[in-house]
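Quick notes on the structure that follows.
The values are calculated or read from the model by the stated rules, or taken from the named source; none is laboratory data. All of these numbers come straight from a predicted model, not from anything done at the bench. Because the Cβ atoms are built from the backbone with ideal geometry, glycine has one as well, and the counts that use them run over all protein chains shown. All accessible areas refer to the heavy atoms of the entire protein, side chains included, with ligands and DNA or RNA removed. Shrake-Rupley method; radii C 1.70, N 1.55, O 1.52, S 1.80 Å.
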Amino acid sequence: MVIVDPEVKKVARIANDQFLMLACDGIWDCVTSEEGIELMRESLTKRKGKISGCVEDLFEKIIATDILSSGGVGTDNMTCILIEFKQK
């Protein structure tokens, strides 16, 4: 199903904001916002701040390994963009 009214939230940035994570419903069907951000932070720590493989790490954790037993979770299309903010 496609919706014409996406969920959009305006949030003021604060000094220690690390990144912005934009993802489709295939991601949010598998993890909450808090879980997704925590997984991304763990990946950034593991990769010593290099973001190149962080989205791949997230996908590896949530993609269904067995389509029949997953109940559909982790089988939807998955798109994620990670934007890292420069720290001053």
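Looking at segment 24-34, which of the residues that are without any contact (Cβ under 8 Å) to a residue 40 or more places away in the chain and open to solvent by less than 90 Å² (accessible area, probe 1.4 Å) is nearest to Q87 (Cα to Cα)? It would help to see each step written out before you state the result.
Taking segment 24-34 as the starting set, the residues that turn out to be without any contact (Cβ under 8 Å) to a residue 40 or more places away in the chain are 28, 31-34.
Retained after the next criterion (residues that are open to solvent by less than 90 Å² (accessible area, probe 1.4 Å)): 28, 31-33.
Numbers: W28: 27, V31: 27, T32: 26, S33: 22 Å.
Per the criteria, the residue is S33.
Output the number of the condition that S70 fails; it satisfies all remaining conditions of (1) within 15 Å of the chain's Cα centre (by Cα); (2) at pLDDT below 85.
Single failed check for S70: (1).
Which of the residues that make up segment 39-48 are without any contact (Cβ under 8 Å) to a residue 12 or more places away in the chain and either closer than 12 Å to Q18 by Cβ or of a type in the set (A, V, I, L, M, F, W, C) (or both)?
Matches in segment 39-48: T45 only.
(1) assigned to a loop (DSSP other than H, G, I, E, B); (2) in contact (Cβ under 8 Å) with a residue 12 or more places away in the chain; (3) of a type outside the set (S, T, Y): which one isn't true of M21, the others all being true?
(1)
Would you check which residues across segment 36-48 are open to solvent by 80 Å² or more (accessible area, probe 1.4 Å) and closer than 16 Å to I81 by Cα and list them?
E38, R41
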